[in-house]
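The values are calculated or read from the model by the stated rules, or taken from the named source; none is laboratory data. Since we're looking at a predicted model, the values are computed, not measured. Because the Cβ atoms are built from the backbone with ideal geometry, glycine has one as well, and the counts that use them run over all protein chains shown. Accessible surface is based on the protein model in full, side chains and every heavy atom, while ligands, DNA and RNA are left aside. Shrake-Rupley method; radii C 1.70, N 1.55, O 1.52, S 1.80 Å.
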Amino acid sequence: MLRSMHELENYAIGATDGNVGHVTDFYFDDDTWVIRYLVVATGSWLSNRDVLISPMSIHEPDWAGRSLPVSITKEQVSNSPGIDTAKPVSRQHEMGYLDHYGYSYYWAGTGMWGAGMSPYAFVPGSDDGARSVERAREQQNYARATSERKRNEDPSLRSCKAVVGYDIHATDGDIGHVEGMLVDEETWAVRYLVINTSNWWLGHKVLIAPQWITAVDWSGQSVSVDLSRDLIQNGPEYDPDTGTSREQERSLYQHFGRAGYWADSTAPDTTS
């Protein structure tokens, strides 16, 4: 199922021994468009410090209760590396964070999460989780060697909130601005940017997949897509109140003449 970025904001984060805080933002990898970390405001118990929580920590989300239980303790969170959300997240900082929790490096290995891992792999008592942890440990030496080569590379982590408001440029002119994102609750991949085209068509919202983006001007705050204004205008309208079914996704991809991500990936069919 797809979840709105705005919906996920303010979700409570519950450690195994108490509440940690609430979600305020997300960091995504602009190479793969996958949410790598939730930014969590801890409140007074940790001197209002912001911390990073990886989707790897989450288990059995309570979507109705707007809560994300995590399989870590408050002490682990308290002792985790500090983060200044006003500055870029360095690769070295990520390595320290992931080592602290014993997670593999997502930039090494195959798949969205590397080293055979996936979100929810650390669910207590899960056989699949145990196998995933074993695979990750087997590949950790390779991951560390790879990370050493990439230590000084730009990790390309971006704030989801910062992208909201970016202008959208079609092949033949401006078309609107980014209003939000839709995230796959199974893989934490950003499946769509929600585009508000109200400057051209009153109240009209459309979905654009990251794979259709040709360039992002981070300093100029704009996104260019390989689609014409007319094609976007005549595409399926997105209604945030009704959600997005797999049938609607198929219709969207067919309209734009693209193959669906579910057809050529190992990601499960999570929409209904």
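Please specify each residue of segment 159-184 satisfying the condition of being part of a strand (DSSP E or B) and either among the acidic types (Asp, Glu) or in contact with a Cys (Cβ under 7 Å, 6 or more places away or on another chain) (or both).
Scanning segment 159-184 gives 167, 174, 179, 181, 184.
Please indicate, with yes or no, whether at least one residue in segment 70-87 is free of Cβ contacts under 8 Å to residues at least 60 places away in the same chain, assigned to a strand (DSSP E or B) and of a type in the set (Asp, Glu).
no
Tally the residues that are open to solvent by 30 Å² or more (accessible area, probe 1.4 Å) and touching a strand residue (DSSP E or B) at 6+ places or on another chain (Cβ under 9 Å), restricting the search to segment 13-29.
So the answer is 4.
List, please: which pairs have Cβ atoms under 6 Å, are six or more places apart or on different chains, and start with a residue in segment 41-67 that is closer than 14 Å to residue 3 by Cα and end with one that is assigned to a strand (DSSP E or B)?
61/68; 67/12; 67/14
Give the residues of segment 215-236 that are at pLDDT below 95, within 26 Å of residue 7 (Cα to Cα) and touching a Gly at 6+ places or on another chain (Cβ under 9 Å), sorted by residue number.
232
Looking at 214, 187 in this structure, which one is in a loop (DSSP other than H, G, I, E, B) and either surrounded by 20 or more Cβ atoms within 10 Å (Cβ to Cβ) or more than 16 Å from the chain's Cα centre (by Cα) (or both)?
187
Any residue at all in segment 199-211 that is assigned to a helix (DSSP H, G or I), of a type outside the set (A, V, I, L, M) and either more than 19 Å from residue 30 (Cβ to Cβ) or at pLDDT 90 or above (or both)?
Yes, segment 199-211 contains a residue that is assigned to a helix (DSSP H, G or I), of a type outside the set (A, V, I, L, M) and either more than 19 Å from residue 30 (Cβ to Cβ) or at pLDDT 90 or above (or both).
Looking only at segment 175-224, count every residue that is among the small types (Gly, Ala, Ser) and within 23 Å of residue 38 (Cβ to Cβ) and tell me the total.
Qualifying residue count, segment 175-224: 3.
Would you mind finding the one in 157, 207, 193 that is within 24 Å of residue 68 (Cα to Cα), in contact with a Leu (Cβ under 8 Å, 6 or more places away or on another chain) and not aromatic (Phe, Trp, Tyr)?
193
In the list 71, 78, 67, 54, which residue meets the criterion of being surrounded by 14 or more Cβ atoms within 10 Å (Cβ to Cβ) and under 20 Å from residue 162 (Cα atoms)?
54
Considering (1) in contact with a Leu (Cβ under 7 Å, 6 or more places away or on another chain); (2) modelled with pLDDT under 50, say which one residue 182 fails and leave the rest.
(2)
Inside segment 222-244, can you point out the residues that are assigned to a loop (DSSP other than H, G, I, E, B) and under 19 Å from the mean Cα position of the chain (by Cα)?
Scanning segment 222-244 gives 240, 243, 244.
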